[in-house]
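Each remark here refers to the structure printed beneath this line.
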Amino acid sequence: MIKKELYKNWYGSGEMNKNLFSRKQLAVPYAIFLLLFVIIPLLVLIYFGFTDENGNISFANFIRFFGSGKTIGTLLYSIVIALFTTVFCLLLAYPAAFFLAKGNFGKKQAFIMMFVLPMWINFTLRITALKEILTLLEGNLAYHPFFNTILCMVYDFLPFMILPLYQALCKLDNSLIEAAFDLGASEFQVFYKVVLPLSVPGIISGVTMVFLPSMTNYVVLDMVYNSTYIMGSLIGSYFSSYDWNNGSVISVILLLMIGAVTLFSGRITKQEQAKRARVLK
Amino acid sequence: MVEGKTMKKSENLIELRHIKKCFDGNTVVTEDFNLEVKKGEFVTFLGPSGCGKTTILRMIGGFEIPTSGEILLNGEDISVLPPNKRPINTVFQKYALFPHLNVYDNIAFGLKLKKLAKREQDEKVRHALEIVDLEGFEKRSIHTLSGGQQQRIAIARAIVNEPELLLLDEPLSALDYKMRKEMQLELKNMHKKLGITFIFVTHDQEEALTMSDKIVVMADGEIQQIGTPEEIYNEPSNLFVADFIGESNIFKGRMVDKKKASFCGAVFDCVDDYEMGTVVDVVVRPEDIEITAVGRGQIQGKILSSDFKGTFYIVFVRSGKNEIEIHSLKNYPIGTTVGLYIAPDLIHLIPYDNSINHYEGVLGAYSEEKGLSVEFEDFSWEVKPEQIFPDATLSGGSLTGKNGQPIRTEGIRIEASFQPSVAQLSDDAKAGVVQGKIISFLYVGDHYRYTVRSKSEEDYVVDDEDLWNQEDFVSILIPQEKVTYRIIPIKSNDFI
């Protein structure tokens, strides 16, 4: 009886909830938060992106971005950095994730911990440490700006690639691997015919978590004295010279790119997961 | 001689010789497993979960490598060959169909790896689907199939490769009762049609009895009995098999005359014959006991309960100290006194296993103040010198033999034995000399027989009237005066 009343209060049924908050009321703080920190900034961003310095609606910022060789160059350079970072992260993370998920050894949790632990240490600290080591090895960091950037980016983003891959591989039923062996597949065939296709959702979420952030993470470039601009640095430089319009339009462009990629990969992951959920239940 | 060898080669498809398997270096699954399977047989490994049947199957499939011993396929050792190099296919417990491939690609998985021509692939897949009764399912996606259909696809995927041996690891356990019954018959028919040797693993005794040509009953990594379903059911070779396969009444008895055994307080004519005085375990199936009028059977008893089970009643009768289970077509009112009759050929006698409760120990040095101690694997205690050396005399604090020579007791190996009936179980860990977990128990007429396994993996068999549960942690009280000792003679070849 008491339990029933409690439920009624919790789930808001008319008369009983005079003294308690209803569900709607409980949502108010979050609604305010979303409005203040997500919706309004987004609208402001879009407004600035599509107006000129006098407040008139215009596509001039867009045209300027895609019309200038310099900005397009920055976009391409960002993509190249992100591409290299993602590929190296994937190449390093996949074997590690496979080892962690399917390996047969003790102290597994400790190993997983060790891969995740760097995420808990402030990233400027980590990059500074790496920077010192690189200075020791290379003499002057400025000699290899691209290499150093990629190295630091990979170091920074590796755990974000390992975790989703690890989760996807953990979900992969061992009997599927055994079945493939049983049907005559060699180790390599088992990998590319069964393990790889079934870990695609993990690869996609890992790539999304590494590719887009690494396009804008200009702090790393600053720290290793790479003076070439990437998207993040471009936004920063516009904003620091109070050019809200051009800074905003780049943010909008990045937002659209992120949106498109997330939508695309989300759809694939969802399909894949739906399939798996039904089969492996 | 040569001919005999080739004969043997063609007859036994697979042979397991002295297979030993340990996990992580210390968990022993099986110590010495030997089995021969003939070409075309339908063999079932039957046993409770954890008895090692799946591990044996996985070793045949190549998913586990035996610690020692060899697996011969057509006379050739394949024990270290990886699964993809063996002409053996497996149907997995949870089907293990590839979720990213459709039905056709799942079945053709093995054929594609063999680089078969597309037309041949199509033909074989079509034929395999025909065998499992799912024609036209090629394009279907795996997750649109029901459990039973997935099971059939898993079978089709295995048989399409035309393996010499098909391994089935509890393939029906995930299906509902009706579907399971259907698949049992279908699998049996498939086996007949295909002529492939099947090794089937199950813990369901009914399934094993229905399907197999040969059943291998396993417990604790050891084969308990190999035989046809009829042999296993009618002539169980030990109490475990008798208890595990079907229902059975087990009584303690003794041979009193030629083909006459005494149990339940009466003398029964039987067909098995052992030396007079032999202690036997008597196994009688509940459906083999006839309820008659008082005075017409060998014994009589009172009806304790009667429960309807569809085709028969399960009737419990108390006769003396024994509780007897009977499957009867007729219902009897509770409290009625009835006679019970058992026909001679329905009484199965198993000579009492004398190998139980023998433990090796080593004697310590004898001294007057400390006495004589014996060290076993699990415990040590003091023994009276005369229990081991009946002829010895005590003089001046030392033990003297018959010939006047002092006996050096230190290091002498002895064997201690006791009857299950003299020991007792206790839940007070300190009450007994040995502690362990109950790993199995049987109901034997008027009491239970428990097997307790100690930490050092030594098994103790104890009769107790109280009901304990499997996995219960108990200590065993062994009355010292009821234990008999025997000196283990030193083998002459120990010196060579």
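The values are calculated or read from the model by the stated rules, or taken from the named source; none is laboratory data. Worth saying up front: this structure is predicted, and the values here are computed from it rather than measured. Every residue, glycine among them, receives a Cβ derived from its backbone with ideal geometry; neighbour counts consider all protein chains shown. Accessible surface areas use protein heavy atoms only, side chains included; no ligands, DNA or RNA. Shrake-Rupley method; radii C 1.70, N 1.55, O 1.52, S 1.80 Å.
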> What is the number of the single condition among (1) within 14 Å of chain B (Cβ to nearest Cβ); (2) at pLDDT 90 or above; (3) in a helix (DSSP H, G or I) that A:GLN271 does not meet?
Replying inline: (2)
> For A:GLY184, which of the numbered conditions (1) open to solvent by less than 40 Å² (accessible area, probe 1.4 Å); (2) away from chain B (no Cβ under 13 Å); (3) in contact with a Gly (Cβ under 8 Å, 6 or more places away or on another chain) fails to hold?
Replying inline: (2)
> Do any strands (runs of 3 or more DSSP E) lying entirely in the stretch B:389-496 carry at least 3 residues that are open to solvent by 50 Å² or more (accessible area, probe 1.4 Å), and which ones are they?
Replying inline: B:393-395, B:434-444, B:484-487
> Within the stretch A:71-100, can you find the residues that are more than 22 Å from A:ILE258 (Cα to Cα) and open to solvent by 60 Å² or more (accessible area, probe 1.4 Å)?
Replying inline: A:LEU91, A:LEU92, A:PRO95, A:PHE98, A:PHE99
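For (1) more than 30 Å from B:LYS85 (Cβ to Cβ); (2) assigned to a helix (DSSP H, G or I); (3) within 14 Å of chain B (Cβ to nearest Cβ), each residue gets a yes or a no:
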position	(1), (2), (3)
A:PHE146	yes, yes, no
A:LEU169	no, yes, no
A:VAL190	no, yes, yes
A:SER214	yes, yes, no
A:VAL249	yes, yes, no
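Just to check your reading of the model, which residue among B:ILE326, B:ILE347 is β-branched (Val, Ile, Thr), touching a Cys at 6+ places or on another chain (Cβ under 6 Å) and surrounded by 18 or more Cβ atoms within 10 Å (Cβ to Cβ)? Spell out how you get there, then give the answer.
Working: B:ILE326 fails: touching a Cys at 6+ places or on another chain (Cβ under 6 Å).
Exactly one residue qualifies, and that residue is B:ILE347.
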> Given the structure, is B:ILE299 in contact with a Ser or Thr (Cβ under 8 Å, 6 or more places away or on another chain) and not small (Gly, Ala, Ser)?
Replying inline: yes
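Residues are listed down the side, and each one gets a yes or a no for (1) within 9 Å of chain A (Cβ to nearest Cβ); (2) of a type in the set (Val, Ile, Thr); (3) open to solvent by less than 10 Å² (accessible area, probe 1.4 Å); (4) without any contact (Cβ under 8 Å) to a residue 60 or more places away in the chain:
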site: B:LEU129; (1), (2), (3), (4): no, no, yes, yes
site: B:VAL132; (1), (2), (3), (4): no, yes, yes, yes
site: B:GLU135; (1), (2), (3), (4): no, no, no, yes
site: B:SER141; (1), (2), (3), (4): yes, no, no, yes
site: B:THR144; (1), (2), (3), (4): yes, yes, no, yes
site: B:GLY147; (1), (2), (3), (4): no, no, no, yes
site: B:ARG152; (1), (2), (3), (4): no, no, no, yes
site: B:ILE155; (1), (2), (3), (4): no, yes, yes, no
site: B:ALA158; (1), (2), (3), (4): yes, no, yes, no
> If you go through the stretch B:59-78, how many residues are among the β-branched types (Val, Ile, Thr) and open to solvent by 20 Å² or more (accessible area, probe 1.4 Å)?
Replying inline: 2
> Which condition number does B:THR54 fail, the rest of (1) under 18 Å from the mean Cα position of the chain (by Cα); (2) open to solvent by 40 Å² or more (accessible area, probe 1.4 Å); (3) away from chain A (no Cβ under 14 Å) being met?
Replying inline: (3)
> From the residues in the stretch B:57-74 that are β-branched (Val, Ile, Thr) and within 14 Å of another protein chain (Cβ to nearest Cβ), which one is nearest to the chain's Cα centre (by Cα)?
Replying inline: B:ILE60
>> Of everything in the stretch A:192-201, what is more than 7 Å from chain B (Cβ to nearest Cβ) and either more than 18 Å from B:LYS115 (Cα to Cα) or open to solvent by less than 40 Å² (accessible area, probe 1.4 Å) (or both)? Give them in sequence order.
In response: A:VAL195, A:LEU196, A:SER199, A:VAL200, A:PRO201
>> Return the residues of the stretch B:261-277 that are assigned to a loop (DSSP other than H, G, I, E, B) and among the hydrophobic types (A, V, I, L, M, F, W, C); say none if nothing qualifies.
In response: B:CYS264, B:CYS270, B:VAL271, B:MET276
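Being crowded, with 17+ Cβ neighbours inside 10 Å, within 14 Å of chain A (Cβ to nearest Cβ) and at positive phi is the requirement here; does B:GLU162 meet it? Spell out how you get there, then give the answer.
Details: crowded, with 17+ Cβ neighbours inside 10 Å: no; within 14 Å of chain A (Cβ to nearest Cβ): yes; at positive phi: yes.
No; evaluated as a whole, the condition is false for this residue.
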> Assuming A:LEU212 fulfils every condition listed in (1) surrounded by fewer than 21 Cβ atoms within 10 Å (Cβ to Cβ); (2) touching a helix residue (DSSP H, G or I) at 6+ places or on another chain (Cβ under 6 Å); (3) farther than 30 Å from A:TYR229 by Cβ; (4) not acidic (Asp, Glu) apart from one, which condition is it?
Replying inline: (3)
> Within the stretch B:374-383, is there a residue that is under 26 Å from B:THR400 (Cβ atoms) and either of a type in the set (D, E, K, R) or not in a strand (DSSP E or B) (or both)?
Replying inline: yes
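Run down B:ASP105, B:ASP77 and say which single residue is among the acidic types (Asp, Glu) and within 14 Å of another protein chain (Cβ to nearest Cβ). Give the derivation first.
Working: B:ASP77 fails: within 14 Å of another protein chain (Cβ to nearest Cβ).
After ruling out the rest, the residue left standing is B:ASP105.
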>> Go through (1) free of Cβ contacts under 8 Å to residues at least 60 places away in the same chain; (2) surrounded by 15 or more Cβ atoms within 10 Å (Cβ to Cβ) for A:GLU132 and report which single condition fails.
In response: (2)
>> Of the residues B:LEU346, B:LEU372, B:LEU394, B:LEU329, only one is aliphatic (A, V, I, L, M), without any contact (Cβ under 8 Å) to a residue 40 or more places away in the chain and in contact with a helix residue (DSSP H, G or I) (Cβ under 6 Å, 6 or more places away or on another chain); which?
In response: B:LEU372
> Across the stretch B:80-102, what is the number of residues that are more than 10 Å from chain A (Cβ to nearest Cβ), free of Cβ contacts under 8 Å to residues at least 24 places away in the same chain and polar (S, T, N, Q)?
Replying inline: 0
> Could we say that B:LEU363 is more than 30 Å from B:LEU442 (Cβ to Cβ), open to solvent by less than 20 Å² (accessible area, probe 1.4 Å) and in contact with a Phe, Trp or Tyr (Cβ under 7 Å, 6 or more places away or on another chain) here?
Replying inline: no
>> Looking at the stretch B:278-311 only, could you name the residues that are in a loop (DSSP other than H, G, I, E, B) and open to solvent by less than 60 Å² (accessible area, probe 1.4 Å)?
In response: B:THR278, B:ARG285, B:ALA293, B:GLY297, B:GLN298, B:GLY310
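Does B:ALA174 satisfy the condition of being in a loop (DSSP other than H, G, I, E, B), within 25 Å of A:PRO201 (Cα to Cα) and either within 14 Å of chain A (Cβ to nearest Cβ) or open to solvent by 10 Å² or more (accessible area, probe 1.4 Å) (or both)?
Working: in a loop (DSSP other than H, G, I, E, B): yes; within 25 Å of A:PRO201 (Cα to Cα): no; either within 14 Å of chain A (Cβ to nearest Cβ) or open to solvent by 10 Å² or more (accessible area, probe 1.4 Å) (or both): yes.
Judged against the criteria, B:ALA174 is not a match.
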>> Filter the stretch B:108-126 down to the residues that are surrounded by fewer than 16 Cβ atoms within 10 Å (Cβ to Cβ) and within 10 Å of another protein chain (Cβ to nearest Cβ) and list them by number.
In response: B:LYS114
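Determine, yes or no, whether B:ASP243 is in a helix (DSSP H, G or I) and closer than 23 Å to B:ASP464 by Cα.
Values: in a helix (DSSP H, G or I): yes; closer than 23 Å to B:ASP464 by Cα: yes.
Yes; evaluated as a whole, the condition is true for this residue.
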